Structures are given as C-alpha cells and as structure tokens.
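Let me begin by presenting the structure, written as structure tokens, before commenting on it.
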Amino acid sequence: MSFQRPPRHFLAIPDFSVGELRTLFDLAERMRTGAYTSKCLVGKALAMIFMKASTRTRVSFEVGAWQLGGHALFLSPRDVQLGRGEPIADTARVLSRYVDGIMIRTFAHSDVEVLASHSTVPVINGLTDLLHPCQVLADLLTVQQQLGTYDGKIIAWVGDGNNMANSWINAAFRLGFRLKLACPEGYDPDPAVLARAKSHADVTVVRDPLEAVEGAHVVSTDVWASMGQEDEQAVRARAFAGFRVDESLMRRAEPDAIFLHCLPAHRGEEVTAGVIDGPWSRVWDEAENRLHIQKAIMAVLMGGEPFA
C-alpha cells in the first residue's frame, strides 16, 4: 500500500512558520516585480467555493491561478450541492478527486476545518467569520514594501474585533510585531485567539482609538458592519461613534504612517475620504497584493514551489 503525505493547508496565519511566511513574502514580491516566471500550476485546477460573495477574493485567485498556468473554477451555492445540504465532508472527498486545491470563502470557520480534515488536496481559507488570513498577509506584504519591514513596527487596528482583527492578532503571535487594537466595549476580538497571542507578543486591546494610534506605523480598519451583519448597522453605528479614522487621528501616528483597509470601504463611516484617498493611503497597493500573496500561497501548496 502506497503512503500519501497529508496535504498542507492554509486556514490561519500560524499554520506557517516564521521562515515559511518570510519565504511567502519574498516569493510574492518576486511575482509582483516579474522576477518569478514559472508556470507552476500548468495542468492544475483550483476549486473556488463562494458561500459569501466577493470581488477581490474571486478575481485575485482566478487571475492568479491563470497567471501561474492553472485553471480556477468558481462554485457558488447554486453550483455545488453544499447549497442543498450536502455534507462538507462529502464535498471535500469528491472535489479532491477532481482538483489540485480548494479555496473556500464562507461563514463558519468550523466548515473550513471540516473541509480540510476530509480533503486530500490543499485547502486555502479565503475568509470565514473568524479569520481572513490571505488579506492580512497581503497587508503585511504592503507594510514590507512601503516601510521596509514589519519587524519593530507598531500596528494599530481601529474598529470591530472581527475576522480582520483576529488575523492581525494571529500575525502578531507568529511574527512578533507590536499590535494595538481599539475596539468598542462588546466588540472585542475572539478571546482564544487573543489569549494565545498575548503569551508570545505585545498585543493590547484598548477603548480609545487615540491610544491605539499613538506612535503607530500602520493604521488599519474595516467596515463597522460586515457581510451578514447588515441588520445590525444602526446599533453598530452608535457603538462605533468615535472610532472613525480621520485626518486628526492619522496625525497621532508616526509621520510616515500608512493607512490600510481591506475594502469595501464606506467613506464617512469608518474612514474619511481624506484618509482613504489621501497621502496616507496604501489601500490600492494592498488590494493588488492580494493577487501576489495568493499566487505565492498557491505556488507552495499546489505548485511544488519549495518553502525553503
């Protein structure tokens, strides 16, 4: 009987070591500059399951797979039996017979874990309600490009303790930079994610955005009501009053600080137009970097590109 090595998955940033993350950033930068020309996904297919709609996730993965010589299949709830109640484990077993990798963007993080546990091909977390790891890796790639490194930098998060905040915490846990999060009472990050990070990194949660942004090199935020929380918009607007990233808040950060936002953005709510469209903003570079970092992830998980 032949032995098949279990596939490597990417469900959360700590799934990769510090060295592997640095390899990913280096590979993604080579891809961005055109120094990497290998078509490592020729003859390979990526299944993309979208239980949540997306602009950046779909386009960046689909284009990225094509640029590496592979093919991506868009699968909405209407296109797969998950939308009619097929068990996730069965979907994993079937897709593993057809494709070389699976990317999923969905609600419950447990669904991604079940998918990975029954898949014999790599599974990539495109987003869950708990985590958004590909986006934060793209953010860190942007920080590295703009500021030279994330080492020794202070990252400030202003807003909801959502999947983005949790992934920033995971990144601080693994990479060791200082992270300050300003969240309203009742909107803190996941307690288990936070507790683990605090044992290895300088991660703090405060209630005052001014305290979080003071001396920061990077200021990041997200919408106040994410997909699926639209009915909470009015309640959240009251809870997040005072948490808007505006010009006066950015001036409390370091002089060379940059602003990041995972998009889509609501100008006038979580951020002013003067910030997201102004000189602090690196939002469009950040969005582009989704393409490069995800190509790097696919290259190492699906294309045989070495992590060393």
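Things worth noting here:
- Considering only residues in the range 192-230 that are in a helix (DSSP H, G or I) and in contact with a Lys or Arg (Cβ under 7 Å, 6 or more places away or on another chain), the one that is surrounded by the fewest Cβ atoms within 10 Å (Cβ to Cβ) turns out to be Leu210.
- Meets criteria (aromatic (Phe, Trp, Tyr), closer than 30 Å to Met51 by Cα and over 20 Å from the mean Cα position of the chain (by Cα)) for Phe240: yes
- Checked against the criterion of being assigned to a helix (DSSP H, G or I), farther than 17 Å from Asp222 by Cβ and not hydroxyl-bearing (Ser, Thr, Tyr), the candidates Glu254, Glu305, Glu288 yield just one match: Glu288.
- Enumeration of residues in the range 89-118 that are touching a Ser or Thr at 6+ places or on another chain (Cβ under 7 Å), in a strand (DSSP E or B) and closer than 23 Å to Gln4 by Cα: Ile102
- Evaluation of Glu86 against (1) free of Cβ contacts under 8 Å to residues at least 40 places away in the same chain; (2) closer than 26 Å to Thr55 by Cβ; (3) assigned to a loop (DSSP other than H, G, I, E, B) (one fails), failing number: (2)
We did not get these values from a lab; they are worked out from the coordinates using the rules stated. Fair warning: this is a prediction, and the values are worked out from it, not measured in the lab. All Cβ positions, even for glycine, are placed from backbone atoms using ideal geometry, and neighbour counts span all protein chains on display.
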